[in-house]
1. Would you mind checking which residues have amide H under 5 Å from residue 16's amide H? H placed 1.01 Å from N; only 5 or more apart, or other chain.
2. May I ask for log10 I(q)/I(0) of region 9-93 at q = 0.10, 0.18, 0.22, 0.26 Å⁻¹, from a Debye sum over the Cα atoms as equal point scatterers with solvent left out?
3. Each residue of region 5-11 in order: what ³J(HN,Hα) in whole Hz does its phi give by Karplus 6.51 cos²θ - 1.76 cosθ + 1.60, θ = phi - 60°, with x for Gly and Pro?
Amino acid sequence: MTKLSIDSIVVVADTVVSCDLDTEAAILNLKDGVYYGLDPIGAKIWNLIQKPIVLNKVIEKILKEYDVDKERCKNDIFELVEELLENGLVKVNE
């Protein structure tokens, strides 16, 4: 598995479709037909990675918008992106 760093460039995979549901997001992986849901902050991150973006930029944008400790923000975003990666919902462009 790809090791994530703050310099990793992530983007939504080609085999995924999603839609916004109020403040949340619904995601369908067309490869396996499995649906996923994201809470409001997860949906915000999902919207940021629709186009290739460096993880550090995602962290900066979330820090500006939410009152959260930088280290916790980074860890939570890495955890989410790793989970999305494991499920084939995003890819990493090095």
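No lab work stands behind these numbers, since they all come straight from the coordinates. These figures come from a predicted structure and were not determined experimentally.
1. So residue 16 has HN proximity to 30.
2. Values, matching the q order: -0.22, -0.72, -1.07, -1.43.
3. 9, 5, 8, 5, 9, 10, 7
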